[in-house]
1. Give, rounded to the nearest 20 debye, the magnitude of the charge dipole that the chain has about its Cα centre when Lys and Arg contribute +1 at Cβ and Asp and Glu contribute -1 at Cβ.
2. Counting only Cα atoms, I'd like the Rg/Rh figure for region 42-173, Kirkwood definition for Rh.
3. Quickly estimate the mean residue ellipticity at 222 nm for the chain, helices only: each DSSP H run with n ≥ 4 gives -39500 (n - 2.57), and the total goes over all residues, rounded to 500.
4. Where both partners of a DSSP beta bridge lie in region 4-228, what percent of those bridges are antiparallel, to the nearest 5?
5. What Kirkwood Rh does the chain have if only Cα atoms enter the pairwise 1/r average? Answer in Å.
6. With springs only between Cα atoms under 10 Å, which of S62, S19, S103 fluctuates most in a Gaussian network model of the chain?
7. For the residue pair R229 and N3, what label-to-label distance in nm results when each label sits 7 Å from Cα along the Cα-to-beta-carbon direction?
8. Bins of 5 Å, beginning at zero and ending with the bin holding the largest distance: percent of Cα pairs per bin for region 154-211, please.
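Where a number appears in this text, it was derived from the coordinates with a stated rule and is not lab data. Nothing here was measured: the structure is a model prediction, and the numbers come from that model. With ideal geometry, Cβ positions are generated from the backbone for all residues, glycine too; neighbour counts draw on all protein chains shown.
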Amino acid sequence: MENKILEIENLKRDFKMGSEVVHALKDVNFSVDAGEFVTIMGSSGSGKTTLLNILGCLDKPSDGNYLLDGVEIKKLSRNDLARLRNHKIGFVFQAYNLLSRTSALENVELPLLYNSSVSTKERKERAIHALEAVKLAERLDHKPNELSGGQQQRVAIARALVNDPSIILADEPTGNLDSKTSYEIMDIFGKIHSSGNTVILVTHEEDIAKFAHRIVRLRDGIIESDRRREAAIVMH
């Protein structure tokens, strides 16, 4: 039996802007199996970031159901939601969102500070391991301003991995990078997926989307197409 990591049913998200109501998502239905690598595509205003924010429990739908790893999100309290988000989801953003005055190691340790069951020693060991996984073992003590854009994004990916989440969500993770660095970052996502992780990545770039095994296209708040690919790009 397939293990569905997330299920969305009749999802709607409306925003009130002055006297007008904007329907950002209109009756969206889809599911993702554990271990899939999915890209969500669409032009600006298609609803893709709104959808990702709901998947990441950063926003709540106006209507419809969302189950994450079998848990119905709308029934959770704010504290339970924060706990679920911290344990189940790893986020990677376009702007890296690193703390500027702290080292790469300390940035990666950050999500574990909220986990009282992890000792200081284990926290450091896990952060080092995550940085090694993205080939930044030599940059543990470097602050963000001492790292290139690609290296900063690797730190952000290590931070997303450190809690061993059920799912990695990435919002335009190559948006600030040149083509060569973008492909290197996507190769890391490919390796993360190969090791068994579920990856959902938002992009508007066709060449980036081709690294995934499934491409969901949004247009005007609805799913325009949902196609699986025979083979994703694999780099060596």
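1. The dipole of the chain has a size of about 420 debye.
2. The Rg/Rh ratio comes out at 1.00.
3. That comes out to -9000 deg cm²/dmol.
4. 55 percent
5. 18.3 Å
6. Result: S19 has the largest fluctuation of those listed.
7. Those two pseudo-labels are separated by 2.5 nm.
8. For region 154-211, the binned pair fractions read 4, 17, 34, 27, 13, 4, 0 percent.
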